[in-house]
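The structure appears below as structure tokens.
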Amino acid sequence: MRPTRWLVLGAHGMLGRDLVEVLRAQGADVVAAGRGDVDILDGAAVERGVADADVVVNCAAYTAVDAAESDQEAAERLNGDAAGVVARACAAAGARMVHVSTDYVFAGDAAEPYSEDAPIAPVSVYGMTKASGERQVRESGADALIVRTAWLYGEHGACFPKTIAKVAADRGAIAVVDDQRGQPTWTRDLADLIVRLIAAGAPAGTYHGTSSGSCTWFEFARDVLLSADVVAELTPTTTDAFPRPAPRPAWSVLGHDATVRAGVESIGHWRDRWLLAAQEVVG
């Protein structure tokens, strides 16, 4: 039996780069494809790229949450239609697919962790287009795992910890919202989870790829400044004090029952994982 061949789409993003690094560290046969290598809006290009792959991971996405509110067509093309293009190509080629989705498919008004089969109710254009992508993946007939994640941070891209550490160091004071709750998740941990789900032969379906536990952005910021050795005045504030074009979920806590049922250990507590990641992310 030949080794598993991986194709990572969106390989130059924060998650894609970590996934490629994790796979290569394990000696995997992996092709790292950016938009210039495989245009995921081009069905023929995707079919050619997928032809020799056993597992295709779609990390590509339109992630400008606020910009999506005024550019729904572009967001739908990348988050919705392109996901369908990739999924149909995987179905035709017999490749397994992992499609990365988001907590924004939920309304964000829960009081307990969202289960994988909880009803979706996106309230932003970004969330609606990601929900469209999930639907198209499910309807494609592909052997697909939809992995929702949230509050990502990592070494290879712009993220909350880097921004907070820099702004706090520059200004000496910063206010951070304390009425949004979620699960800070290291892209390295999500990459590792994706690999473990595939290795375990997890059945097609929806999974949640976030750290365990939960905190507010303010609480996370406090840990970030400690890790970055930044001394600054940190004060809590509200979402209403920072109006944005796209509404933010107040509750982004996801449950991990499907992962456990698949025999795969979920990601550890967010604070423990941050302490391991901090040096790499903020130095």
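Just so you know, all these numbers are worked out from the coordinates, no wet-lab data involved. The structure displayed is predicted, hence computed values, not measured ones. Using ideal geometry, Cβ is built from the backbone for each residue, glycine included, and neighbour counts are taken over all protein chains shown.
Here are some notes:
- Any hit, the range 118-125, residues being of a type outside the set (S, T, N, Q) and touching a strand residue (DSSP E or B) at 6+ places or on another chain (Cβ under 8 Å): no
- Answer from ALA51, ALA82 - the residue that is within 28 Å of HIS256 (Cβ to Cβ), in contact with a helix residue (DSSP H, G or I) (Cβ under 9 Å, 6 or more places away or on another chain) and among the hydrophobic types (A, V, I, L, M, F, W, C): ALA82
- Exactly one residue out of GLY94, GLY80, GLY10, GLY108 is over 28 Å from GLY255 (Cβ atoms) and of a type outside the set (S, T, N, Q), and it is GLY94.
- Of residues in the range 111-141 being free of Cβ contacts under 8 Å to residues at least 60 places away in the same chain and aliphatic (A, V, I, L, M), the one surrounded by the most Cβ atoms within 10 Å (Cβ to Cβ): VAL137
- Residue in the range 171-193 that is over 20 Å from ALA107 (Cβ atoms), free of Cβ contacts under 8 Å to residues at least 12 places away in the same chain and of a type in the set (Ser, Thr, Tyr) present: no
- Test: residue in the range 12-24 that is assigned to a loop (DSSP other than H, G, I, E, B), touching a residue at least 12 places away in the same chain (Cβ under 8 Å) and either of a type outside the set (Lys, Arg) or in contact with a His (Cβ under 6 Å, 6 or more places away or on another chain) (or both): yes
- Checking each residue in the range 39-80 for being within 24 Å of LEU152 (Cα to Cα), of a type in the set (A, V, I, L, M) and either touching a strand residue (DSSP E or B) at 6+ places or on another chain (Cβ under 8 Å) or crowded, with 19+ Cβ neighbours inside 10 Å (or both) picks out ILE40, VAL55, VAL56, VAL57, ALA60, ALA61, VAL65, ALA68, ALA75, LEU78.
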